[in-house]
Amino acid sequence: MDTTGNIFLPSGQSTIAGEVDALFSFLFWASMILFAIVMGGVGYFIWRYRHRGRETVTSGKAHSTALEFTWTAIPIIMVLVVFFWGFNVYMKMQVVPKDALQIKVTGQKWFWSFDYPHGAATVNELVIPAGKSVKLLMSSKDVIHSFFVPSFRIKMDVVPNRYSVTWFEAMNPGNYDLLCTEFCGKGHSEMIGLVKVVSEREYNEWVETSASLGEGLSLAEYGAQLYKSKACITCHSLDGTALVGPSFKDDFGTMRVLTGGQSVRIDENYIRESILNPQAKVAAGYDPVMPTYQGILKDRQIDALVEYIKSLGKNGAADEAE
Amino acid sequence: MYDNESERNYLNTPRGWKSWLFTLDHKRIGLMYLIAMGAAFLLGGILATLVRLELLTPGRDIMGAETYNQIFTLHGAVMIFLFIIPSIPAALGNFILPQMLGAKDVAFPRLNLASWYIFVAGSLFAVYSIWTSAVDTGWTFYTPYSTDSTKSVISMTLGVFILGFSSIFTGLNFIVTIHKLRLPGQKWFELPLFVWGLYATAIIQVLATPVLSITLVLLIIEKAGGVGIFDPAMGGDPVLFQHFFWFYSHPAVYIMILPGMGIISEVISVFSRKKIFGYKAIAFSSIAIAFIGFLVWGHHMFVSTQSPLAAVIFSFLTFMNAIPSGVKIFNWMATMYKGHIKLETPMLYAFSFLFLFTIGGLTGIFLGVIATDIHLHNTYFVVAHFHYVMVGGTVMAFLAGIHYWWPKMFGKMYSEFWARIACLIIFIGFNFTFFTQFILGTKGMPRRYYTYLDQYQPLHAFSSVGSWILGLGFIIMAIYLIHSLVKGEKAGRNPWGALTLEWTSPIPPPPENFDKDPVLNHGPYDYDKVVMERDIDKVKMGSVS
């Protein structure tokens, strides 16, 4: 995109990125020049005026109004230039175009969920059309998170009890990292999503299928999709590794020891309860940190996840599903 | 009692451990601060290398996520509250300030001792509670995470609250000392610039620290009493906490840097044998930074949902506050012009300061411009920026001061050869560690991440290796400094040929600071009128001279 784009910035993929990058480049080169002048001067003086011979008094003026005025005034002018330039770009980042597609973003420990105007909802995957401005109306269910897409040069805090807004227009189809940039606890660095930019036509297709709740798929197959798209994958592994929560591998049908010391058999009802009311029966050795999926998952989706976890049990068809 | 009157000094008179624990001598208190801070720096440094070790690869290396979060919290809290904030004023300032003024002690010696005890008690309390209750909020304690957290942040914040009093006591003491205990005839504009730096710092300490204390008390009230102040679940406003926190913590970065700038003014003038250029500009810029510094806290919150109008005003004021720092750099440059420059260790650190602090300052511009800050905020760019300012600025100035006043403190010279080697290693290691983090940040790597995406790994690995080089430099420094105490050459009365008052007394100074009444024969930087013989040229130096 520009000269520094390759060394420092990831390639800019939103309409505002070019303007931010141009300002960044200006700051970069102006800083390089200033730094070269200052350190070049210091280096030259150290060499040129290195101590030689005997101690003598040094002459030279210790004050010069003209000089001091100059080196105060020039930096003031320079920062005023960057201030107004930055102000200008910032205003463009603030004013949301009227025809923007509005998507509701919810941050919570430790995933992102997105609600679309047509009723679809996704987790950790924001699907948007290229070439259309998108307005994000954001809030948090627990602590402060921050919505950051490096390729789009946008970032905004996501605060509980308050809406915040940001917007962007992606230029090209592709997948771009979405990162949480406000420290939110144990899973902070796992709170990573994807912005999936698709063409307008693909977006419209996706809108139609996304509202369908996995039609044409078996429950277990649909559950396998949801395992990824609803962010179960962040905390529950399939290979036996203990992450933030217990693994799903060889889980179903076995007895689980809870934090209180009692045990419970992992059956359909236990899984359903753990999805809707996770703090009710917490597995021993794990923190009670899972958020409730009440209101996020529809009944068929819960059914699908139960079937999927069941299929991962000792007698299930884990290999097929994965 | 002593065979030779010249051997009587503040270190050996009076004797016994009680005479240290109950001492009212500002020099001993300064030294005790130095020891406490050395311990804090060691702890903070070990934690930093653990953090870097964990970040060597994208996944888990040596610890779990929770341990990692606690370790970076402890690293930040220890380095900020136990080391950088008090380092220069409480340790070096305490030791040198009265001697620069020709005074026997600070204005309130008992308050001074009290501040040390409060500091130690607060430090132990804070470290103990972070350690045992496993606080993992980061050193910024942002709500509602800090109030939601199952871990107790009360004892931790109480520790910081106690530390605040130590800071206020020192600030108050210095303000009164500078006003009332100057040598008769020592005018304000004949004070060494280190004194101006300490004065500006003291003003901030006295005015800003109470705000942090109040904030922490509110946090404790909310957490213990269930009164909704910051927690939205109880009807509070989480962003309000950020305003309070930065209202203290932004001026606090000037508590950290202003005394450092004072040291740099001393060192550059002495080692360039040149009258400081633009004395009044440097003195007034310290005061200007101290005051405008109170009005820029919102630049930490450009994406926090504060109003865009407020953001724009904070951005503007931030630039206005950058100007006085820039002016100082030009003044130091002009001081070197036509000087007689000797690149001994304190000057090498001053040079490192100029190099690193200039980078820190220029990258601050990127963060002050809102449009670019939105991309860079809370990424490694910010981490790199404040390490360039705090380590590249304050710590380099602190090390310049330590090496400059070491002979004054202990009467011994360190090995100049090893000191230069260590300085070079620290300079290289620091840039290795932190310059890479600028690039990580612009590429989008968020701070406080335990694991990270694969594309960031090469730079992280580079940075981790840099931290080992940096650590090596500090180990070498510890060895030659301790060695100098045991076997170092005896230093002369005025090793560097400086003109400030503290160098007119014996080395190390007697308990009452001066052997005869100090007399002002010249200004602190009158190298255009006076030639002061350097005692160091008479003493044999290391293998490099």
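Data for the structure
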quantity: Output for segment B:128-147, where each listed residue is out of contact with any Pro (no Cβ under 9 Å at 6 or more places or on another chain), in a helix (DSSP H, G or I) and surrounded by 20 or more Cβ atoms within 10 Å (Cβ to Cβ); calculated: B:129, B:130, B:146
quantity: Restricting segment A:173-189 to residues that are free of Cβ contacts under 8 Å to residues at least 40 places away in the same chain and assigned to a loop (DSSP other than H, G, I, E, B), the residue that is farthest from the other protein chains (Cβ to nearest Cβ); calculated: A:182
quantity: Residue that is at pLDDT below 95, small (Gly, Ala, Ser) and out of contact with any Phe, Trp or Tyr (no Cβ under 7 Å at 6 or more places or on another chain), where the choices are A:146, A:59; calculated: A:59
quantity: Any chance residue B:102 is within 28 Å of residue B:263 (Cβ to Cβ), among the small types (Gly, Ala, Ser) and in contact with a Gly (Cβ under 8 Å, 6 or more places away or on another chain); calculated: no
quantity: Filter result for residue B:417 (more than 30 Å from residue B:274 (Cα to Cα) and surrounded by fewer than 19 Cβ atoms within 10 Å (Cβ to Cβ)); calculated: no
quantity: Selected residue (criterion: nearest to the other protein chains (Cβ to nearest Cβ)) from residues of segment A:129-170 that are assigned to a loop (DSSP other than H, G, I, E, B) and closer than 20 Å to residue A:194 by Cβ; calculated: A:153
quantity: Residue that is modelled with the highest pLDDT [pool: residues in segment A:91-129 that are small (Gly, Ala, Ser) and more than 19 Å from the chain's Cα centre (by Cα)]; calculated: A:100
quantity: Any hit, segment B:337-346, residues being of a type in the set (Phe, Trp, Tyr), surrounded by 24 or more Cβ atoms within 10 Å (Cβ to Cβ) and in contact (Cβ under 8 Å) with a residue 40 or more places away in the chain; calculated: no
quantity: Residues that are surrounded by 24 or more Cβ atoms within 10 Å (Cβ to Cβ) and at the interface with another protein chain (Cβ under 8 Å from one of its Cβ atoms), drawn from segment B:375-399; calculated: B:375, B:377, B:379
quantity: Evaluation of residue A:88 against (1) at the interface with another protein chain (Cβ under 9 Å from one of its Cβ atoms); (2) under 30 Å from residue A:128 (Cα atoms); (3) touching a Ser or Thr at 6+ places or on another chain (Cβ under 9 Å) (one fails), failing number; calculated: (3)
quantity: Residues that are touching a Ser or Thr at 6+ places or on another chain (Cβ under 8 Å) and facing chain A (nearest Cβ under 7 Å), drawn from segment B:292-325; calculated: B:303, B:305, B:323
quantity: Selection from segment B:57-77 of residues that are part of a helix (DSSP H, G or I) and among the hydroxyl-bearing types (Ser, Thr, Tyr); calculated: B:67, B:68, B:73
quantity: Sole exception among (1) on the phi < 0 side of the Ramachandran plot; (2) in contact (Cβ under 8 Å) with a residue 24 or more places away in the chain for residue B:228, by number; calculated: (2)
quantity: For residue A:25: the one exception among (1) more than 9 Å from every other protein chain (Cβ to nearest Cβ); (2) in a helix (DSSP H, G or I); (3) over 16 Å from residue A:154 (Cα atoms); (4) out of contact with any Asp or Glu (no Cβ under 7 Å at 6 or more places or on another chain); calculated: (4)
quantity: Options B:347, B:336; residue that is in contact with a strand residue (DSSP E or B) (Cβ under 8 Å, 6 or more places away or on another chain) and either away from chain A (no Cβ under 11 Å) or closer than 28 Å to residue B:429 by Cβ (or both); calculated: B:347
quantity: Evaluation of residue B:275 against (1) surrounded by 24 or more Cβ atoms within 10 Å (Cβ to Cβ); (2) closer than 20 Å to residue B:349 by Cβ; (3) not acidic (Asp, Glu) (one fails), failing number; calculated: (2)
quantity: Odd one out for residue B:411, checked against (1) in contact with a Leu (Cβ under 9 Å, 6 or more places away or on another chain); (2) of a type outside the set (Phe, Trp, Tyr); (3) more than 30 Å from residue B:10 (Cα to Cα); calculated: (3)
quantity: Residues that are surrounded by fewer than 19 Cβ atoms within 10 Å (Cβ to Cβ) and part of a loop (DSSP other than H, G, I, E, B), drawn from segment A:190-213; calculated: A:199, A:211, A:212, A:213
quantity: Complete set of residues in segment A:29-62 that are within 52 Å of the chain's Cα centre (by Cα), facing chain B (nearest Cβ under 7 Å) and of a type outside the set (Val, Ile, Thr); calculated: A:31, A:34, A:35, A:39, A:41, A:45
quantity: Any chance residue B:199 is more than 30 Å from residue B:522 (Cβ to Cβ), in contact with a Ser or Thr (Cβ under 8 Å, 6 or more places away or on another chain), modelled with pLDDT of 90 or more and of a type in the set (Ser, Thr, Tyr); calculated: no
quantity: In segment B:57-75, the residues that are over 29 Å from residue B:37 (Cβ atoms), more than 10 Å from chain A (Cβ to nearest Cβ) and either touching a residue at least 24 places away in the same chain (Cβ under 8 Å) or of a type in the set (A, V, I, L, M) (or both); calculated: B:57, B:59, B:60
quantity: Qualifying residue in segment B:183-191 (condition: assigned to a helix (DSSP H, G or I), surrounded by fewer than 20 Cβ atoms within 10 Å (Cβ to Cβ) and among the acidic types (Asp, Glu)); calculated: yes
quantity: Where residue B:87 falls short, out of the listed (1) surrounded by 18 or more Cβ atoms within 10 Å (Cβ to Cβ); (2) in a loop (DSSP other than H, G, I, E, B); calculated: (2)
quantity: Residue match in segment B:304-324 (condition: surrounded by 23 or more Cβ atoms within 10 Å (Cβ to Cβ), among the hydroxyl-bearing types (Ser, Thr, Tyr) and within 30 Å of residue B:407 (Cβ to Cβ)); calculated: no
quantity: Evaluation of residue A:152 against (1) more than 15 Å from residue B:302 (Cα to Cα); (2) more than 12 Å from the chain's Cα centre (by Cα) (one fails), failing number; calculated: (2)
quantity: Candidate set from segment A:94-128 (those that are of a type in the set (A, V, I, L, M) and part of a strand (DSSP E or B)); member that is farthest from the other protein chains (Cβ to nearest Cβ); calculated: A:121
quantity: Test: residue in segment B:492-501 that is more than 14 Å from every other protein chain (Cβ to nearest Cβ) and either under 30 Å from residue A:153 (Cα atoms) or part of a helix (DSSP H, G or I) (or both); calculated: yes
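Rundown of residues vs (1) touching a helix residue (DSSP H, G or I) at 6+ places or on another chain (Cβ under 8 Å); (2) away from chain A (no Cβ under 14 Å); (3) of a type outside the set (S, T, N, Q), yes/no style:
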{"position": "B:212", "(1), (2), (3)": "yes, yes, yes"}
{"position": "B:235", "(1), (2), (3)": "no, no, yes"}
{"position": "B:239", "(1), (2), (3)": "no, no, yes"}
{"position": "B:249", "(1), (2), (3)": "yes, yes, no"}
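The values are calculated or read from the model by the stated rules, or taken from the named source; none is laboratory data. Note that the structure is predicted; figures quoted are calculated from it, not measured. For neighbour counting, all protein chains shown are included, and Cβ atoms are generated from backbone atoms with ideal geometry for every residue, glycine included.
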